[in-house]
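Presented below is the structure to which this report refers.
What follows is calculated from the coordinates using simple rules that are stated; it is not laboratory data. All values reported here derive from a predicted model rather than from experimental measurement. Using ideal geometry, Cβ is built from the backbone for each residue, glycine included, and neighbour counts are taken over all protein chains shown.
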Amino acid sequence: MTTREHIASIPLTADDPAAEASIGGLVRDATAHVSTLVRAEVELAKGEIAASVKKGVKGSVFFIVALTVLCFSLFFLFMALGFLISEIFGWWYSVGFGIVFFLMLLTAGLFGLLGWRKVKKIKAPEKSIAAAKDTVAALTRRGDDN
């Protein structure tokens with residue numbers, strides 16, 4: 001015997017055809033059908049979102065691998081630049097690599113400074129904090145009235 005997942009559905013006909021169609025019964029049935037429909041829509045959305053997230057995770061793994069390979073490849077680029085500088089100017093290899101290292105530090109410092117300036121501009125979400133304080137105050141007052 002296999003077990004199947006229960007899927008909510010809306011019946012197309014009444015359970016009891018001889019049942020009296022009173023307004024209360026119709027409202028009850030309509031409410032049940034709307035509730036079933038909403039639950040089915042939520043389940044459908046969950047399934048679609050889960051499938052999209054899985055595809056996104058699988059795709060992001062490829063991006064992470066590509067970024068890792070790129071980062072390791074930059075090592076060889078900087079070595080080539082060090083050798084190139086040394087060969088062009090006839091300097092020792094240590095001088096060429098020192099120049100590349102200095103340029104890398106300068107670039108890292110520049111981007112660090114730009115990042116720091118952007119982070120300093122971040123402010124607290126004042127509207128959200130005020131709304132949360134108002135909500136807490138309203139709930140606290142309501143509790144004191146009892």
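Working from label points 7 Å from Cα in the Cα-to-Cβ sense, the residue 60 to residue 79 distance is 3.3 nm.
Between residue 28 and residue 133, the FRET efficiency estimated from the beta carbon spacing at R0 = 35 angstrom works out to 0.25. For segment 23-141, a simple Cβ point-charge model (Lys and Arg +1, Asp and Glu -1, everything else neutral) yields a dipole of about 500 debye relative to the Cα centre. Dimensions of segment 23-141 based on its C-alpha atoms, expressed as ranges along the principal axes with the largest first, amount to 97, 42, 16 Å. Using R₀ = 35 Å, calculate the FRET efficiency as 1/(1 + (r/R₀)^6) where r is the Cβ-Cβ separation of residue 89 and residue 116; round to 0.05. With a Förster radius of 35 Å, E is 0.50. Peptides 120-131, 45-56, 79-90 ranked from most to least packed by the mean count of surrounding Cβ atoms within 10 Å: 79-90, 45-56, 120-131.
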